[in-house]
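Computed from the coordinates by the stated procedures, all read-outs in this text should not be read as laboratory data. Everything numeric here is computed off the predicted structure, so don't read it as measured data. As a convention, Cβ positions derive from the backbone with ideal geometry for all residues, glycine included, and neighbour counts pool all protein chains shown.
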Amino acid sequence: MSYKFGSLQDAGGVDHKYGNLFRHDTHPTWSRVTIAADARQIPLMLEIAKRWKGPYGILYVLKGSRLGHEHARYQSPEPCSYDALELFAYTFQEYFEGDGRHHLWFMDVLTGAQLVYDNHNLIYSYGNDDVVIDLMSSKGFTEGDPKIPCPHQHCYNPEFDKIEDEIMESFAWKKFPLQEEHDDP
């Protein structure tokens, strides 16, 4: 069985699960909630984003490709409705949750709130911290410190190659170079 992100044990890798944790990080200029969901990350992100006013922006960050697509930031060409965001996310849910070649960002254009789902299977929520913390607690998540295992692996699974192509064709993306300081939350 394939998976997105694994810890390396002995001679091979295993699917890494954090245990449904969240952590609230505060700094002088920003704060965020780090969410370590063991499954169904896309529905969780959509549940958070649905609380925003919208319209929404989408940023797809391709960190690795098995097909030769340029490693870059791909921004949706214009803001979209929640319904369009939901359709995009659910259309490609299996790929987003099952392959490690990318990050996915949702943004609330009006407030600047952001959700970043990274290739370590973590979600970073910027904005509305109290609401997100209450939601995580109501879903049975516990406060803790999700640790990225070392060593670990990001799996680029061949069964998702066709979907990588479909994502590239899903919008007339605006393409920008990778920004390592921003593309690794």
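Some points to look at:
- Couplings for the stretch 146-161, taken from phi via the Karplus curve 6.51 cos²θ - 1.76 cosθ + 1.60 with θ = phi - 60°, read x, 9, 6, x, 9, x, 9, 9, 10, 9, 9, 8, x, 5, 9, 4 Hz in order; Gly and Pro are left as x.
- Between Glu94 and Tyr82, full extension at 0.36 nm per residue minus the direct alpha carbon distance yields a gain of 2.4 nm.
- The stretch between Lys147 and Ala172, if pulled fully straight at 0.36 nm per residue, gains 5.4 nm over its current Cα-Cα span.
- Spatial separation of Cα centroids for the stretch 163-181 and the stretch 25-71, in angstrom: 15 Å
- Whole-Å semi-axes of the ellipsoid equivalent to the chain (Cα gyration tensor, √5λ, descending): 23, 23, 15
- Derived scalar couplings ³J(HN,Hα) [the stretch 129-141; Karplus, 6.51 cos²θ - 1.76 cosθ + 1.60; whole Hz; x for Gly, Pro]: 3, 4, 5, 5, 4, 4, 5, 4, 4, 5, 8, x, 6
- Model label points for Ser31 and Glu159, set 7 angstrom from Cα along the Cα-to-Cβ axis, are 4.1 nm apart.
- The phi-based Karplus calculation (6.51 cos²θ - 1.76 cosθ + 1.60; θ = phi - 60°) puts the 3J(HN,Hα) values of the stretch 96-113 at 4, 8, x, 9, x, 8, 8, 10, 9, 10, 10, 10, 8, 4, 6, 9, x, 4 Hz, whole numbers, x for Gly and Pro.
- For the pair Gln9 and Asp38, label points projected 7 Å from Cα toward Cβ lie 1.3 nm apart.
- 24 Å Cα-Cα reach of Lys53 towards lysines, excluding residues that sit fewer than 8 places from it in its own chain: Lys139, Lys174
- The stretch 9-132, dipole about Cα centre (Lys/Arg Cβ +1, Asp/Glu Cβ -1), debye to the nearest 20: 180 debye
- For the pair Asp134 and His24, label points projected 7 Å from Cα toward Cβ lie 1.2 nm apart.
- Near Leu178, the amide H atoms lying under 5 Å from its own belong to Arg73; only residues 5 or more places off or on other chains count, and H is placed 1.01 Å from N.
- Interchain or long-range residues, amide H under 5 Å from Asn20's placed H: Asp38
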